[in-house]
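Student: Dropping a structure here in structure tokens format, bear with me for questions.
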Amino acid sequence: MIVSTRPIAEQVLAPFFADAEGELLAVLHLGPGNRLLALTIEEPGSTDEIELVVAAILTKALRIGAEGLILAHNHPSGDPTPSRADEAATRALAAAAAHVDIRIHEHLVFGGGESRSFRDLGLL
């Protein structure tokens with residue numbers, strides 16, 4: 001499967017968040033031509049936050065041979081607006097990923113049946 005657009009990413013990722021009680025993080029690992037290599041789900045966090053564990057995410061990406069990542073997490077509150085903590089964690093991950101030649105293509109936040117795109121909001 002090629003994940004080359006936001007709607008395709010949303011279609012793949014939305015079902016993982018539909019019934020989630022707490023926050024969780026999904027990562028699409030992409031290879032050449034945005035071909036989906038793997039989808040990983042991180043352990044659920046609390047209902048208030050999710051940690052982007054930079055080392056763990058990048059270690060998995062390197063093992064899989066990913067060239068790019070699409071991140072997604074949910075806000076059980078129903079508001080898909082990225083928090084300041086979401087923004088800071090994504091910036092830190094993007095900077096670290098760039099050092100190992102992995103590109104963060106997108107970070108989507110799901111909530112209340114909607115999603116917000118970091119890229120569309122100018123946050124990536």
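Student: Would you mind working out the magnitude of the charge dipole of the chain relative to its Cα centre, with +1 at each Lys and Arg C-beta and -1 at each Asp and Glu C-beta, to the nearest 20 Debye?
Tutor: The calculation lands at about 600 debye.
Student: Right, next: Using a ≥ b ≥ c from the Cα gyration tensor of the stretch 79-124 (square roots of the eigenvalues), is it rounded, prolate or oblate, where a/c under 1.5 gives rounded and otherwise the larger of a/b and b/c decides, a/b for prolate?
Tutor: Cα axes put the stretch 79-124 in the prolate bin.
Student: Same structure, new question: Using only the alpha carbons, work out the radius of gyration and Dmax of the chain in angstrom.
Tutor: For the chain, the Cα radius of gyration and maximum Cα-Cα distance read 13.1, 36 Å.
Student: If each residue of separation counts as 0.36 nm, what is the full-extension length gain between ALA18 and THR5 once their alpha-carbon separation is subtracted?
Tutor: Extra length available between ALA18 and THR5 comes to 2.6 nm.
Student: Same structure, new question: Farthest toward the dipole's positive end in the chain, which of PHE118, LEU69, VAL27, given Cβ charges of +1 (Lys, Arg) and -1 (Asp, Glu) about the Cα centre?
Tutor: Value: LEU69.
Student: Still on this structure, please answer the following. Between ARG119 and THR59, what's the calculated FRET efficiency when r is the beta-carbon distance and R0 is 25 Å? Round to 0.05.
Tutor: Once rounded, the FRET efficiency stands at 0.55.
Only the coordinates and a few stated rules stand behind these numbers; no lab work does. A quick note: this is a predicted structure, and the numbers were derived from the prediction, not measured. Methodologically, a virtual Cβ is constructed for each residue, glycine included, from the backbone with ideal geometry; neighbour enumeration extends over all protein chains shown.
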